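Enquirer: To start, I am sharing the structure in question, which I have written as structure tokens.
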Amino acid sequence: GDVQWMTAPSGILHEEMHAKAFASRGGPFEVVQLWVNLPQRFKMTAPRYQTLLDREIPLVELPNDAGSARLISGSLGGRQGPAQTFTPVNLWDLKLRAGKSAVFTLGEGDTAVAFVLDGRVGSDGDARTAGAAELMVFERQGNDVTLRAESDARVLLMTGEPIDEPVVGYGPFVMNTRQEIEQAISDIR
């Protein structure tokens, strides 16, 4: 779809719209919108927009025929995703094969979550599973996360270095203090 962008003093404002042809033709439309917090020292950095085309996103085959990973950001299997981030962030779009497990080695103490788009997934050592539109949150201890596909599955695996700063949110604004939120609102006005 079409996206309109304009730069504002505190960031980028956008209005998401789909193409006229899609509006008349219809069909499936899948969107995942992620908001990534920044450490306070980067919050007033000049805004930027990154265009990521499918052909620029590396595809890595997982060991033991477990599936594949599209690397949007971060690194896996000696490959690097194209998205630029302010702190280390992995964002991998996984396709997992039923009955297979894949082990992902992450940074010690990183925050790690898996959002299931389709299928059913579990994690070794845990009898629970997650299905479509469910989120798995992993402990920060250790380096490895194992995903076990109970059925063919598509999963977003997201990891990042913890920021460990206060978070104050209001509408689309995420800052560290109420005063910073008020300043962002003032800037937008």
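The values are calculated or read from the model by the stated rules, or taken from the named source; none is laboratory data. Remember, it's a predicted structure, so these values are computed and weren't measured experimentally. We place every Cβ from the backbone using ideal geometry, glycine too, and count neighbours over all the protein chains shown. These area figures cover heavy atoms from the full protein model, side chains too; ligands, DNA and RNA do not enter into them. Shrake-Rupley method; radii C 1.70, N 1.55, O 1.52, S 1.80 Å.
Enquirer: For every other residue with a beta carbon closer than 14 angstrom to the beta carbon of Arg41, add +1 if it is Lys or Arg and -1 if Asp or Glu, then tell me the sum.
Expert: Numbers: positive: Lys43; negative: Glu161, Asp164, Glu165, Glu180.
After counting each charged neighbour, the total is -3.
Enquirer: Could you size up the charge dipole of the range 35-103 around its Cα centre, putting +1 on the beta carbon of Lys and Arg and -1 on that of Asp and Glu, and report it in debye to the nearest 20? Don't skip to the answer; put the middle values down first.
Expert: On the way: 9 positive and 5 negative charges, 43 e Å.
Once rounded to the nearest 20, the dipole reads 200 debye.
Enquirer: For the range 51-144, what's the relative contact order in percent, using C-alpha pairs closer than 8 Å and at least 6 residues apart? Don't jump to the answer; show the numbers that get you there.
Expert: Details: 150 pairs, mean separation 19.7, N = 94.
RCO, the range 51-144: 21 percent.
Enquirer: To continue, here is another question. Here are labelled values, (i) 53, 47, 31; (ii) 43, 33, 31; (iii) 51, 42, 25, and one is the computed Cα extents along the principal axes in Å for what I pasted. Which one?
Expert: Entry (i).
Enquirer: Roughly to the nearest percent, how much of the accessible area of the chain is carbon and sulfur, given a 1.4 Å probe?
Expert: Numbers: 6030 of 11880 Å².
For the chain, the apolar C and S fraction of the accessible surface comes to 51 percent.
Enquirer: Once you keep just the Cα pairs under 8 angstrom separated by 6 or more residues, what percentage relative contact order results for the chain?
Expert: On the way: 358 pairs, mean separation 35.0, N = 189.
19 percent.
Enquirer: Let me ask something else. Given R₀ = 41 Å, FRET efficiency for Ser75-Tyr170 by Cβ-Cβ distance, to 0.05? It would help to have the intermediate numbers written out before the result.
Expert: Numbers: r = 34 Å, r/R0 = 0.84.
Efficiency for this residue pair is about 0.75.
Enquirer: For an R0 of 25 angstrom, estimate the FRET efficiency from the Cβ-Cβ distance between Leu52 and Ser24 and round to the nearest 0.05.
Expert: Result of the calculation: an efficiency of 0.40.
Enquirer: Sticking with this structure for a sec: Report, in degrees rounded to the nearest 10, the 0 to 90 angle that the Cα long axis of helix 178-188 makes with the longest principal axis of the chain.
Expert: So the helix axis and the longest Cα principal axis differ by about 70 degrees.
Enquirer: Relative contact order of the range 72-123, please, whole-number percent, based on alpha carbon pairs below 8 angstrom and at least 6 residues apart.
Expert: Working: 27 pairs, mean separation 13.3, N = 52.
Computed over the range 72-123, the figure is 25 percent.
Enquirer: Further question: Just to verify a number: FRET efficiency for Leu135 and Met44, C-beta to C-beta distance, R0 = 22 Å, to 0.05?
Expert: 0.15
Enquirer: With every protein chain left in place, what is the accessible area per residue of the chain in square angstrom, probe 1.4 Å?
Expert: On a per-residue basis, 63 Å².
Enquirer: With runs of 4+ DSSP H residues as the only contributors, calculate the mean residue ellipticity of the chain at 222 nm using -39,500 (n - 2.57) per run, divided by the residue total and rounded to the nearest 500. Working shown, then result.
Expert: Details: 2 runs with 17 residues, N = 189.
Taken over the chain, the calculation gives -2500 deg cm²/dmol.
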